[in-house]
1. Take the residues of the range 6-51 that are of a type in the set (D, E, K, R), in a loop (DSSP other than H, G, I, E, B) and open to solvent by 70 Å² or more (accessible area, probe 1.4 Å): which is modelled with the highest pLDDT?
2. Condition (residue is modelled with pLDDT of 80 or more, farther than 24 Å from LEU26 by Cβ and in a helix (DSSP H, G or I)) applied to the range 107-120: is it met by at least one residue?
3. Would you mind telling me which numbered condition in (1) open to solvent by 30 Å² or more (accessible area, probe 1.4 Å); (2) assigned to a helix (DSSP H, G or I); (3) at pLDDT below 80; (4) not hydroxyl-bearing (Ser, Thr, Tyr) PRO72 fails?
4. How about the range 90-106: which of its residues are in contact (Cβ under 8 Å) with a residue 60 or more places away in the chain, within 15 Å of ALA31 (Cβ to Cβ) and of a type outside the set (Val, Ile, Thr)?
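The values are calculated or read from the model by the stated rules, or taken from the named source; none is laboratory data. This is a predicted model, so every value here is computed, not measured. In this analysis, Cβ positions are derived from the backbone assuming ideal geometry, glycine residues included, and neighbour counts consider all displayed protein chains. Just the protein is used for accessible areas: all its heavy atoms, side chains included, with ligands, DNA and RNA removed. Shrake-Rupley method; radii C 1.70, N 1.55, O 1.52, S 1.80 Å.
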Amino acid sequence: MIFDQNFTFLELKIQLDYDSRTTMKLFHENAISFIDDHVKTKNPKKSPNEVRSNAENQPFFMYLAFRAPHAPHSHDLTDEEIADFLPYSILGKPTEQIGIFDRYIGNIMAKLKELEIAENTMVIFTSDNGPDSSSFKDFHKYGHIRTSTMRGKKASGKFH
């Protein structure tokens with residue numbers, strides 16, 4: 001049960017048909033479709049001697065918030081499809097998700113190049129927080145800490 005600050009019960013609403021396994025794929029497909037449609041309808045390519053109308057010279061803004069890599073580290077790829085993501089898939093679900101994420105970002109960047117707008121498009125890539133401290137347990141296993149040079153840790157509240 002979830003309550004607000006006055007201890008009043010709040011109904012938890014969820015989307016009944018939500019499936020976290022398809023989130024990244026849907027974001028990826030919708031982003032490419034949006035960019036493609038926008039360029040074709042609101043910023044079409046013109047020959048050097050043609051002038052765009054105001055309706056054909058509209059930039060776009062897209063905020064694309066992939067949730068990867070993040071629990072539950074799910075996807076809907078088959079074993080055969082996930083094999084395309086080696087070596088990521090060797091290390092399990094979180095790294096499989098990183099491999100998929102990497103491919104999807106690459107596809108979006110390729111779409112910008114294909115539509116010849118990459119040179120006139122600003123892409124900002126950022127993260128919402130630092131690494132989690134669970135990687136410390138891997139020090140003895142792998143002989144290094146993959147996040148040792150990063151300041152602060154996820155949910156630590158500390159920044160050095």
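1. Checking each candidate, the answer is GLU50.
2. Within the range 107-120, one or more residues are modelled with pLDDT of 80 or more, farther than 24 Å from LEU26 by Cβ and in a helix (DSSP H, G or I).
3. Just one mismatch for PRO72, condition (2).
4. Once the filter is applied, which keeps residues that are in contact (Cβ under 8 Å) with a residue 60 or more places away in the chain, within 15 Å of ALA31 (Cβ to Cβ) and of a type outside the set (Val, Ile, Thr), the range 90-106 yields PHE101, TYR104.
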